[in-house]
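The structure appears right after this line, and notes come after that.
The values are calculated or read from the model by the stated rules, or taken from the named source; none is laboratory data. Keep in mind that what you see is a predicted model, and the values were worked out from it rather than measured. Cβ: placed from backbone, ideal geometry, glycine included. Neighbour counts: every protein chain shown.
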Amino acid sequence: MAEEMSTCKETLDETFSGLLASGDFSDLTITCQGTIFNVHKSVVCFQSRFFRNAVKEGAFKGETGVVDLPDDNPDAVKAMLQFVYSRAYGREDPLCNIDMPLHARTYCLAQRLSLDYLMKYAAGRLEAILHTQHSGLQPQPQPEMWAATVREIYANTAEDDRIRDVIITAALRNLSHLLEEKDGAFSNMMVEFGEFGRDLARATRHAPIFRDETFNPPIRTTTSDEDSASEIVELRCSLCDLYWRGEKQLIYGGNDFICSGCGKGDALLPNYYDQTLFYTRDCDCEDNRPGEKRLWCSKGRDRLVWYCAGCNDFEDRF
């Protein structure tokens, strides 16, 4: 039964898609900047209050069944109609980077036309692309695409629209790439949309991942063989509530790390929610091994701790 239902749905989707492509039996025309779409009132008016009202108003005025969308993007209008007829739009590859601006435009158009399902679909497509970029599954898009996406969202959505949170969070993760050129497309867009720049700056207060990746890059250590970057790890002791941050190879070194605060090693947990700032300075010890003279500062609830991995000095300041 389930297989039969699936087959019927696919057949119905193909039928509706064919109607849009052929324009057969069309009784309504939608125009957008010279592009003409021959559609059907029973399909578009049933799903959109905007078109329903437009058709009623046009009939009252004696007009000839044409709805013009002069200020919208033709590609977004096409995507909207594809979705209305088949519950999907766009390329076969749903994670294509170059479709970021299209999803943003389609989202904004769907919002204006009262197409809630299309809003959710377009937002989901955009979020999926942003997620794969952060996961490294796809190359980062060009700043021009990002600029066009942000411009569309910030020019056409309300301040409390969730789609703004989505694009802000993703921008934080890609900021070093996006702002690489001072006069690049993304930088110029930030000058144009001060509201976006404000939201981006405010969001850094609540973005530990952004702070770690941007302000605490891997520390470079020089050896006789090579110049390498050590991975930075951060741990929290669940017993004494101290935070430890340092180079992975120095903290672990092939052995379990022991907390110098309480002497325990089985209570250390990864610290994903950075509630403190960490600083480094050189220790006065005579250990000259590269990277081991750093003094790591960690602030717990009421304790300020300095620790040197070179001489194993531990200073607890209450």
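Some points to look at:
- Considered as a group, the residues in region 73-112 that are among the aliphatic types (A, V, I, L, M) and surrounded by fewer than 22 Cβ atoms within 10 Å (Cβ to Cβ) include one that is nearest to the chain's Cα centre (by Cα), and that residue is L95.
- Top-ranked residue in region 83-135 [being in a helix (DSSP H, G or I) and among the acidic types (D, E); ranked as farthest from L175 (Cα to Cα)]: D116
- In the set (1) touching a residue at least 40 places away in the same chain (Cβ under 8 Å); (2) part of a helix (DSSP H, G or I); (3) touching a strand residue (DSSP E or B) at 6+ places or on another chain (Cβ under 9 Å), the condition left unmet by A76 is number (1).
- If the condition is being within 17 Å of C32 (Cβ to Cβ) and among the hydrophobic types (A, V, I, L, M, F, W, C), then region 87-103 contributes only L102.
- Any hit, region 146-166, residues being touching a helix residue (DSSP H, G or I) at 6+ places or on another chain (Cβ under 9 Å), outside any strand (DSSP E or B), modelled with pLDDT of 85 or more and more than 20 Å from P101 (Cβ to Cβ): yes
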